[in-house]
Amino acid sequence: MKRVAAVVVLSGLALTVLLAAEKPKPAKPPAEDILMRAKLASSQKVLEGLVEKNFAHIQKGGEELVKVGEANEWVAHEDPSYEHFRREFRRQARKLAAFGEQQNVEGASYAYLALITTCVECHSHCRDVLRIAAEPPNLKAVPIPTTEGRLSDEDRRPVRR
Ligand code: HEC
(Lines give C-alpha, C1' and ligand atoms only; values in the text may rest on other atoms or scores of the structure.)
Protein backbone atom coordinates (compact mmCIF):
# COMPACT_ATOMS: atom_id res chain seq x y z
CA MET A 1 0.00 0.00 0.00
CA LYS A 2 2.82 2.30 0.98
CA ARG A 3 4.49 1.63 -2.33
CA VAL A 4 1.34 2.51 -4.27
CA ALA A 5 1.06 5.75 -2.35
CA ALA A 6 4.69 6.56 -3.09
CA VAL A 7 4.17 5.89 -6.79
CA VAL A 8 1.10 8.12 -6.84
CA VAL A 9 2.96 10.93 -5.08
CA LEU A 10 6.00 10.59 -7.33
CA SER A 11 4.00 10.56 -10.54
CA GLY A 12 2.09 13.57 -9.26
CA LEU A 13 5.38 15.35 -8.71
CA ALA A 14 6.68 14.37 -12.14
CA LEU A 15 3.51 15.70 -13.74
CA THR A 16 3.84 19.00 -11.87
CA VAL A 17 7.45 19.35 -13.03
CA LEU A 18 6.45 18.54 -16.61
CA LEU A 19 3.57 20.98 -16.57
CA ALA A 20 5.79 23.70 -15.13
CA ALA A 21 8.32 23.10 -17.88
CA GLU A 22 5.57 23.29 -20.53
CA LYS A 23 4.35 26.71 -19.42
CA PRO A 24 5.44 29.44 -21.80
CA LYS A 25 7.79 31.92 -20.17
CA PRO A 26 6.07 35.24 -19.46
CA ALA A 27 7.17 37.99 -21.83
CA LYS A 28 9.88 40.22 -20.40
CA PRO A 29 8.14 43.25 -18.87
CA PRO A 30 9.06 46.51 -20.56
CA ALA A 31 11.62 48.74 -18.84
CA GLU A 32 8.95 51.18 -17.79
CA ASP A 33 6.95 48.54 -15.93
CA ILE A 34 10.05 47.54 -14.01
CA LEU A 35 10.58 51.17 -13.09
CA MET A 36 7.02 51.50 -11.85
CA ARG A 37 7.36 48.41 -9.67
CA ALA A 38 10.67 49.80 -8.40
CA LYS A 39 8.88 52.96 -7.25
CA LEU A 40 6.57 50.85 -5.15
CA ALA A 41 9.36 48.72 -3.66
CA SER A 42 11.55 51.72 -2.82
CA SER A 43 8.73 53.70 -1.26
CA GLN A 44 7.90 50.67 0.90
CA LYS A 45 11.53 50.55 1.97
CA VAL A 46 11.25 54.19 3.07
CA LEU A 47 8.07 53.50 5.02
CA GLU A 48 9.76 50.58 6.73
CA GLY A 49 12.64 52.89 7.62
CA LEU A 50 10.28 55.52 9.01
CA VAL A 51 8.32 53.20 11.27
CA GLU A 52 11.47 51.47 12.50
CA LYS A 53 13.51 54.67 12.66
CA ASN A 54 16.03 53.00 10.40
CA PHE A 55 17.80 55.92 8.70
CA ALA A 56 19.84 53.71 6.36
CA HIS A 57 16.59 52.39 4.85
CA ILE A 58 15.17 55.89 4.48
CA GLN A 59 18.30 57.15 2.77
CA LYS A 60 18.65 54.09 0.53
CA GLY A 61 14.96 54.15 -0.49
CA GLY A 62 15.21 57.88 -1.19
CA GLU A 63 18.31 57.43 -3.33
CA GLU A 64 16.63 54.64 -5.30
CA LEU A 65 13.62 56.86 -5.92
CA VAL A 66 15.88 59.66 -7.16
CA LYS A 67 17.38 57.21 -9.66
CA VAL A 68 13.93 56.06 -10.80
CA GLY A 69 12.86 59.68 -11.21
CA GLU A 70 15.87 60.39 -13.38
CA ALA A 71 15.58 57.31 -15.59
CA ASN A 72 15.12 58.07 -19.29
CA GLU A 73 12.53 55.34 -19.72
CA TRP A 74 10.17 57.44 -17.67
CA VAL A 75 10.14 59.95 -20.49
CA ALA A 76 9.18 63.54 -20.01
CA HIS A 77 5.78 64.48 -21.21
CA GLU A 78 4.53 67.29 -23.34
CA ASP A 79 1.88 67.65 -20.69
CA PRO A 80 2.87 70.33 -18.16
CA SER A 81 1.05 68.77 -15.21
CA TYR A 82 2.74 65.43 -15.79
CA GLU A 83 6.10 67.18 -15.92
CA HIS A 84 5.26 69.02 -12.70
CA PHE A 85 4.46 65.77 -10.87
CA ARG A 86 7.62 64.17 -12.19
CA ARG A 87 9.76 67.09 -11.02
CA GLU A 88 8.04 67.14 -7.63
CA PHE A 89 8.60 63.39 -7.30
CA ARG A 90 12.35 63.87 -7.85
CA ARG A 91 12.49 66.84 -5.46
CA GLN A 92 10.79 64.94 -2.62
CA ALA A 93 12.93 61.85 -3.26
CA ARG A 94 16.10 63.97 -2.94
CA LYS A 95 14.75 65.46 0.30
CA LEU A 96 14.03 61.97 1.64
CA ALA A 97 17.57 60.81 0.94
CA ALA A 98 18.99 63.96 2.59
CA PHE A 99 16.77 63.71 5.69
CA GLY A 100 17.71 60.03 5.99
CA GLU A 101 21.35 61.01 5.95
CA GLN A 102 20.75 63.77 8.51
CA GLN A 103 18.79 61.31 10.69
CA ASN A 104 15.80 63.62 10.75
CA VAL A 105 12.74 61.42 11.12
CA GLU A 106 10.19 64.30 11.17
CA GLY A 107 11.59 65.86 8.00
CA ALA A 108 11.69 62.46 6.30
CA SER A 109 8.08 61.72 7.30
CA TYR A 110 6.96 65.00 5.84
CA ALA A 111 8.86 64.44 2.58
CA TYR A 112 7.42 60.91 2.42
CA LEU A 113 3.86 62.23 2.69
CA ALA A 114 4.55 64.78 -0.04
CA LEU A 115 6.08 62.06 -2.22
CA ILE A 116 3.12 59.71 -1.84
CA THR A 117 0.84 62.62 -2.70
CA THR A 118 2.65 63.02 -6.03
CA CYS A 119 2.22 59.27 -6.73
CA VAL A 120 -1.51 59.45 -6.21
CA GLU A 121 -1.98 62.79 -7.95
CA CYS A 122 0.04 61.86 -11.02
CA HIS A 123 -1.83 58.57 -11.29
CA SER A 124 -5.19 60.34 -11.01
CA HIS A 125 -4.09 62.86 -13.61
CA CYS A 126 -2.90 60.16 -16.04
CA ARG A 127 -5.99 58.07 -15.53
CA ASP A 128 -8.75 60.64 -15.41
CA VAL A 129 -7.53 63.74 -17.21
CA LEU A 130 -4.95 62.81 -19.84
CA ARG A 131 -6.97 59.93 -21.19
CA ILE A 132 -10.07 62.03 -21.76
CA ALA A 133 -8.27 65.11 -23.01
CA ALA A 134 -6.32 63.03 -25.53
CA GLU A 135 -9.39 61.50 -27.11
CA PRO A 136 -9.75 62.71 -30.71
CA PRO A 137 -11.37 64.63 -32.28
CA ASN A 138 -12.23 66.71 -29.21
CA LEU A 139 -8.77 67.88 -28.28
CA LYS A 140 -9.95 70.31 -25.66
CA ALA A 141 -10.59 70.25 -21.94
CA VAL A 142 -13.78 68.29 -21.34
CA PRO A 143 -15.44 67.44 -18.04
CA ILE A 144 -15.12 63.85 -16.90
CA PRO A 145 -18.44 62.22 -17.82
CA THR A 146 -20.45 61.25 -14.78
CA THR A 147 -22.87 59.14 -16.80
CA GLU A 148 -20.23 56.59 -17.70
CA GLY A 149 -20.58 53.18 -16.05
CA ARG A 150 -17.95 51.77 -13.73
CA LEU A 151 -14.51 51.55 -15.26
CA SER A 152 -13.01 48.10 -15.57
CA ASP A 153 -9.81 47.40 -13.63
CA GLU A 154 -7.88 47.63 -16.89
CA ASP A 155 -9.31 51.12 -17.58
CA ARG A 156 -8.40 52.26 -14.07
CA ARG A 157 -4.71 51.94 -14.77
CA PRO A 158 -2.92 55.25 -15.22
CA VAL A 159 -2.13 55.71 -18.89
CA ARG A 160 0.92 57.43 -20.28
CA ARG A 161 0.13 59.56 -23.31
C1 HEC B 1 4.81 61.75 -12.95
C2 HEC B 1 3.75 60.79 -12.85
C3 HEC B 1 3.84 59.63 -11.89
C4 HEC B 1 4.29 59.65 -10.59
C5 HEC B 1 4.77 60.82 -9.76
C6 HEC B 1 4.18 58.29 -10.13
N7 HEC B 1 3.70 57.47 -11.10
FE8 HEC B 1 3.39 55.48 -10.96
N9 HEC B 1 2.77 55.44 -12.89
C10 HEC B 1 2.69 56.54 -13.73
C11 HEC B 1 2.24 56.10 -15.05
C12 HEC B 1 2.03 56.99 -16.25
C13 HEC B 1 2.06 54.71 -14.96
C14 HEC B 1 1.62 53.75 -16.08
C15 HEC B 1 2.84 53.34 -16.85
C16 HEC B 1 2.54 52.36 -17.94
O17 HEC B 1 2.12 51.23 -17.61
O18 HEC B 1 2.72 52.73 -19.09
C19 HEC B 1 2.39 54.33 -13.59
C20 HEC B 1 2.33 53.03 -13.12
C21 HEC B 1 2.64 52.66 -11.82
C22 HEC B 1 2.57 51.32 -11.31
C23 HEC B 1 2.14 50.10 -12.11
C24 HEC B 1 0.65 50.03 -12.03
C25 HEC B 1 0.12 48.79 -12.70
O26 HEC B 1 -1.13 48.67 -12.69
O27 HEC B 1 0.89 47.99 -13.24
C28 HEC B 1 2.93 51.36 -9.99
C29 HEC B 1 3.00 50.18 -9.02
C30 HEC B 1 3.26 52.72 -9.68
N31 HEC B 1 3.08 53.49 -10.83
C32 HEC B 1 3.67 53.16 -8.44
C33 HEC B 1 4.01 54.46 -8.15
C34 HEC B 1 4.47 54.92 -6.85
C35 HEC B 1 4.60 54.05 -5.60
C36 HEC B 1 4.74 56.25 -6.98
C37 HEC B 1 5.26 57.17 -5.95
C38 HEC B 1 6.36 56.76 -5.10
C39 HEC B 1 4.41 56.63 -8.35
N40 HEC B 1 3.98 55.52 -9.02
C41 HEC B 1 4.54 57.90 -8.85
C42 HEC B 1 2.98 57.83 -13.43
C43 HEC B 1 3.46 58.25 -12.21
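The values are calculated or read from the model by the stated rules, or taken from the named source; none is laboratory data. Fair warning: this is a prediction, and the values are worked out from it, not measured in the lab. As a convention, Cβ positions derive from the backbone with ideal geometry for all residues, glycine included, and neighbour counts pool all protein chains shown. Protein only, heavy atoms only, side chains kept; ligands, DNA and RNA dropped before computing areas. Shrake-Rupley method; radii C 1.70, N 1.55, O 1.52, S 1.80 Å.
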Problem set entry | Accessible surface of K95 - all protein chains present, 1.4 Å probe, nearest 10 Å² | 70 Å²
For this session: Using packing as a proxy for protection, rank 61-67, 46-52 so that the peptide with the highest average count of other Cβ atoms within 10 Å comes first.
Result: 61-67, 46-52
For this session: Mind grabbing the base-10 log of I(q)/I(0) for region 31-133 at q = 0.17, 0.21, 0.22, 0.24 Å⁻¹? Debye formula, identical points on the C-alpha positions, no solvent, two decimal places.
Result: -0.71, -1.01, -1.08, -1.23
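Could you rank R94, R127, R86, R37 by how accessible they are, 1.4 Å probe, largest area first? Don't skip to the end; give the middle numbers.
Working: R94 115, R127 55, R86 25, R37 170 Å².
Solvent-accessible surface, decreasing: R37, R94, R127, R86.
In percent, what relative contact order does region 31-133 have, based on Cα pairs under 8 Å that are 6 or more apart in sequence?
Details: 112 pairs, mean separation 27.4, N = 103.
Relative contact order for region 31-133 comes out at 27 percent.
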